[in-house]
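Engineer: Okay, here's the structure, questions in a sec.
The values are calculated or read from the model by the stated rules, or taken from the named source; none is laboratory data. The structure displayed is predicted, hence computed values, not measured ones. Don't worry about glycine lacking a Cβ; one is built from the backbone with ideal geometry, like all the others, and counts go over all protein chains shown.
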Amino acid sequence: MDLSGIIVCSFYTADDYYRDHADRLKKNLADIGVASELEEIVKAPGEDWADICRKKISFLGRVCVENPDKKVFWIDVDCQLLALPDYVAGFTADLIGFQRGFGAPQTIGYASRTRFWEPCFFGINTSGAARRFIADAVRLESTSEIKATDDYFFEESWRSNAPSMSFQVVPSAAAIGRGSGEVPAFFSFGSSGNVAEFKSKVVQHDQIAGVARKPGNARKRALAWAKRIERRLSRTSAPTADRLRRVADRAGITHVLTQGSHDPSRTSRHRQGLVNQMIASGQRGELEKVREISARLNANAIPSASEAGAQKAAEAFAHYAPVSGGGTGDRHLTLTWWPRPFPGNFGDWLSPLVLQSASSRPIRYQAPTAVSLQPNLVMIGSIGRFIRSRSIVVGTGIASDEIELETSAQYLSVRGPVTADLLRRQGGPVVDSFGDPGVLLSRVLPVERGLTNGRTALVRHFTHASLPVTVPDGWDEVSVLRSHPDEIREFVTTLAGYDAVVTSAMHVMIACHSYGIPCALVKFSGFEDAVHGTGLKYRDYALGAGLTEAWEPVTVDLDLRRTGWDDLIRSEQISAAKLDEVEAAVAAGIAAYLARTD
């Protein structure tokens with residue numbers, strides 16, 4: 001599509017954080033071929049963040065005046081455009097943008113919001129109504145003496161002009177992290193973290209007349225507080241940030257904030273309550289209850305993607321969880337793993353699969369963030385941060401060395417020497433048994449690799465699901481979201497049928513190494529930090545698994561056709577001796593747990 005009739009604008013202050021983002025955004029916009037105007041503004045003495053935000057009104061008004069025949073898009077400088085889809089670039093309404101909070105159509109308007117638009121990205125057309133909207137906002141801002149940000153003046157102008165304006169709402173799934181890949185994402189949201197700090201210091205709108213303000217929700221307030229703290233932690237020194245996170249973990253704050261679920265596509269608290277009951281029933285091993293609640297959810301409505309994922313996760317929990325009745329097999333093992341996002345990330349759900357295969361015992365789930373003094377096994381995953389004093393550790397790793405490990409736990413093995421070295425330096429025991437238990441997958445689920453199909457499978461890490469990736473001819477996409485053992489068996493059987501696998505998920509690579517499937521490990525340009533951690537886990541795994549070569553992710557373009565794959569796809573297979581060592585560590589972990597709970 002011709003983009004010559006479009007200009008994207010933004011501004012930024014003279015500090016390293018915003019200048020770096022401005023440079024990145026300039027390159028970003030040049031790469032997609034759209035004209036831009038990014039201006040550095042000077043922060044005057046006495047001005048704060050709210051005062052700077054307010055300047056957006058006059059700046060945007062000026063860009064519109066200077067470009068009367070162009071559609072003008074505003075984008076916050078720490079956001080990115082991966083592309084400008086035709087339905088956005090060619091919009092015919094007066095305004096286009098995301099609904100406030102990246103909401104879904106079922107919550108459109110002011111039912112639960114004080115403002116209509118999400119101000120980080122929106123487009124203003126060339127129509128008289130569109131330009132009148134921005135001109136009215138400029139006029140109000142220039143004469144008003146109230147303490148307010150740009151949001152306030154835009155909302156005032158919107159409420160005044162909306163009856164005579166047309167508008168187009170961009171699907172929330174078009175923002176990175178807001179969908180599961182069903183809509184190609186083109187927008188990446190960034191936040192400087194100042195919104196929460198200034199929200200109580202500037203004038204805010206009430207919800208639109210006729211809609212009562214709902215009483216404050218404690219969970220929402222807590223989530224807002226947590227997000228504010230986390231953003232500040234991102235700019236805090238690593239030791240200080242880790243200490244604060246550890247306080248939150250041990251006090252149970254992290255657990256409260258990460259449990260439960262929210263489906264923005266549903267407005268029914270009743271349905272959300274049913275979903276929560278279903279998950280809890282699955283974790284108790286109540287399979288019939290899970291299916292009963294699933295039937296109620298499906299009876300009169302088409303389940304949302306979130307609800308369908310929760311139903312699959314609940315069935316998987318129930319498969320592993322304790323069952324009633326007699327017999328020695330009913331003595332359960334308590335295991336910690338990370339089950340979200342539902343229906344479950346393949347790598348995380350290998351933990352109960354491997355443990356149950358080795359023990360033939362029911363597995364009771366304990367949330368990583370739960371505060372508990374009971375013994376628990378911790379195995380697969382970069383969840384070293386959540387090891388507790390009563391934990392028994394088998395093959396667990398870390399994603400960053402900027403965390404504090406619990407040195408009083410019982411460590412039988414860890415993922416690799418990087419984790420072991422951090423533990424030793426922090427005063428913990430010396431551990432010399434290494435290996436991620438995920439390497440045992442080929443023994444847990446023996447799959448013969450026979451004649452392959454001549455094609456390549458792409459398996460993305462779940463955080464990359466919505467990226468607008470272009471695959472070459474002869475490639476297929478396979479989802480990493482699996483939890484039930486039957487689905488995991490189907491997954492590895494599928495991968496074994498391909499010539500090669502390209503993945504951005506570490507445990508998919510580990511699965512390939514277990515079966516000897518040629519693979520490549522990648523990360524995507526512009527989204528190198530999407531996967532949590534500093535990247536040390538890859539080296540930790542490779543050294544712990546006794547591999548002869550390093551397996552670090554290679555940065556590739558979102559258009560995978562631009563990459564030469566012959567040199568990136570390699571074969572590796574875990575040795576039988578290493579599999580024996582890891583298998584022995586898992587058996588030792590089971591024995592230690594049973595001895596401790598006798």
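Engineer: Which residue, of Thr336, Thr369, is of a type in the set (Ser, Thr, Tyr), closer than 24 Å to Thr396 by Cα and at pLDDT 95 or above?
Structural biologist: Thr336
Engineer: Quick one: Val478 ticks every box in (1) surrounded by fewer than 20 Cβ atoms within 10 Å (Cβ to Cβ); (2) at negative phi; (3) outside the structural domain of Arg561 (by TED's automatic domain parsing) bar one, so which box is it?
Structural biologist: (3)
Engineer: Suppose we filter Val501, Val471, Val459 for residues that are touching a helix residue (DSSP H, G or I) at 6+ places or on another chain (Cβ under 7 Å), over 23 Å from Ala399 (Cβ atoms) and hydrophobic (A, V, I, L, M, F, W, C); which single one remains?
Structural biologist: Details: Val501 fails: over 23 Å from Ala399 (Cβ atoms); Val459 fails: over 23 Å from Ala399 (Cβ atoms).
The match here is Val471.
Engineer: Would you mention how many residues in the range 500-542 are at pLDDT 95 or above, under 22 Å from Val471 (Cα atoms) and β-branched (Val, Ile, Thr)?
Structural biologist: 6
Engineer: Kindly evaluate Gly497 against the criterion of being outside the structural domain of Gly181 (by TED's automatic domain parsing), at pLDDT below 95 and either surrounded by 14 or more Cβ atoms within 10 Å (Cβ to Cβ) or not aliphatic (A, V, I, L, M) (or both).
Structural biologist: Values: outside the structural domain of Gly181 (by TED's automatic domain parsing): yes; at pLDDT below 95: no; either surrounded by 14 or more Cβ atoms within 10 Å (Cβ to Cβ) or not aliphatic (A, V, I, L, M) (or both): yes.
Taking the combined requirement at face value, the residue does not satisfy it.
Engineer: What is the residue count in the range 373-391 for residues that are buried (at least 24 other Cβ atoms within 10 Å of the Cβ), without any contact (Cβ under 8 Å) to a residue 60 or more places away in the chain, β-branched (Val, Ile, Thr) and in a loop (DSSP other than H, G, I, E, B)?
Structural biologist: Final tally of qualifying residues: 1.
Engineer: Name the one entry in Ile574, Ile569 that is farther than 15 Å from Trp475 by Cα and either among the aliphatic types (A, V, I, L, M) or not assigned by TED's automatic domain parsing to the domain that holds Arg455 (or both).
Structural biologist: When all the criteria are applied, what remains is Ile574.
Engineer: Which of (1) modelled with pLDDT of 95 or more; (2) part of a loop (DSSP other than H, G, I, E, B) does Pro352 not meet, given it meets every other one?
Structural biologist: (2)
Engineer: Let me ask another. Would you mind finding the one in Glu487, Glu448 that is assigned by TED's automatic domain parsing to the domain that holds Tyr538 and more than 18 Å from Arg340 (Cα to Cα)? If you could, list the steps in order and put the result at the bottom.
Structural biologist: Working: Glu487 fails: more than 18 Å from Arg340 (Cα to Cα).
Going through Glu487, Glu448 in turn, just one is assigned by TED's automatic domain parsing to the domain that holds Tyr538 and more than 18 Å from Arg340 (Cα to Cα): Glu448.
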